[in-house]
Amino acid sequence: MPEPRPDSAGVKLPPPMTFAAPLVLGLVAGRWWCPLPAPPAWGSRVVGGILFVAGLAFGGWARLLFVRRKTTVLPFRPSSVLVADGPFRFSRNPIYVAFTAIYVGISLLFRSLWPLILLPLVLMVLQKTAIDREEAYLERRFGDEYREYRKRVRRWL
């Protein structure tokens with residue numbers, strides 16, 4: 001990964017990796033090392049599929065807005081504009097909400113509880129390595145505009 005630029009949030013651990021590594025670890029642990037009782041197949045797969053598709057749609061919508069506004073989704077590059085419409089009206093972090101829904105969806109599709117057990121740790125790491133840095137950067141970069149946005153919109157949902 002490239003070095004963070006001075007005018008950026010300075011995120012060094014790519015957020016997708018914050019989700020992917022524990023998800024894979026949890027799936028492997030559940031399958032090979034320490035299986036836990038699996039959730040019921042039908043319900044788990046239906047809910048998992050819905051969460052997976054909803055996460056892709058919500059995250060895709062957020063990503064599309066970044067492209068349309070000609071700003072970056074990468075937290076180690078400078079932001080050129082504060083995106084506050086679309087899914088950003090409901091969450092300051094719709095892409096992380098999407099990653100979480102996808103993560104839970106995959107866990108349920110594979111009927112594996114280990115990734116769900118690891119999820120609180122994933123979210124704590126995400127908070128410290130990405131969200132805190134991004135929020136501080138956006139406040140420096142956009143000042144009152146970001147502070148007003150932060151008052152109106154929750155961090156998650």
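The values are calculated or read from the model by the stated rules, or taken from the named source; none is laboratory data. Given the structure is predicted, the values throughout are model-derived calculations rather than measurements. So basically every Cβ, Gly included, is an ideal-geometry build from the backbone, and we count neighbours across all protein chains shown.
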Residue under evaluation Pro75, criteria (1) surrounded by 19 or more Cβ atoms within 10 Å (Cβ to Cβ); (2) under 30 Å from Asp7 (Cα atoms); (3) at pLDDT 95 or above, criterion not met: (3)
Is there a residue in the stretch 85-93 that is touching a Lys or Arg at 6+ places or on another chain (Cβ under 7 Å), surrounded by fewer than 19 Cβ atoms within 10 Å (Cβ to Cβ) and part of a helix (DSSP H, G or I)? no
Please go through the stretch 136-156 and give me each residue that is touching a residue at least 24 places away in the same chain (Cβ under 8 Å) and surrounded by 12 or more Cβ atoms within 10 Å (Cβ to Cβ), ordered by number. Ala136, Tyr137, Leu138, Arg141, Phe142, Glu145, Tyr146, Tyr149, Arg150, Val153, Arg155, Trp156
So which of Leu65, Leu123 ends up being modelled with pLDDT of 95 or more and closer than 30 Å to Pro39 by Cα? Leu123
Exception for Leu123 within (1) surrounded by 21 or more Cβ atoms within 10 Å (Cβ to Cβ); (2) under 16 Å from Gly26 (Cα atoms); (3) of a type in the set (A, V, I, L, M, F, W, C) falls at (1)
Could you check the stretch 46-55 and list, in sequence order, the residues that are touching a helix residue (DSSP H, G or I) at 6+ places or on another chain (Cβ under 6 Å) and either more than 24 Å from Val97 (Cα to Cα) or in contact (Cβ under 8 Å) with a residue 60 or more places away in the chain (or both)? Val47, Gly48
Cβ-Cβ distance below 8 Å, separation of 6 or more or different chains: which pairs start in the stretch 89-102 with a residue that is in contact (Cβ under 8 Å) with a residue 40 or more places away in the chain and end on one that is in a loop (DSSP other than H, G, I, E, B) and not hydrophobic (A, V, I, L, M, F, W, C)? Phe90/Arg154; Ser91/Arg154; Ser91/Arg155; Arg92/Arg154; Arg92/Arg155; Asn93/Arg155; Val97/Ser91
Note on Val73: of the conditions (1) more than 25 Å from Lys12 (Cβ to Cβ); (2) under 15 Å from the mean Cα position of the chain (by Cα); (3) not in a helix (DSSP H, G or I), unmet is (1)
For the stretch 107-135, enumerate the residues that are among the β-branched types (Val, Ile, Thr) and either more than 28 Å from Asp85 (Cα to Cα) or free of Cβ contacts under 8 Å to residues at least 12 places away in the same chain (or both). Ile117
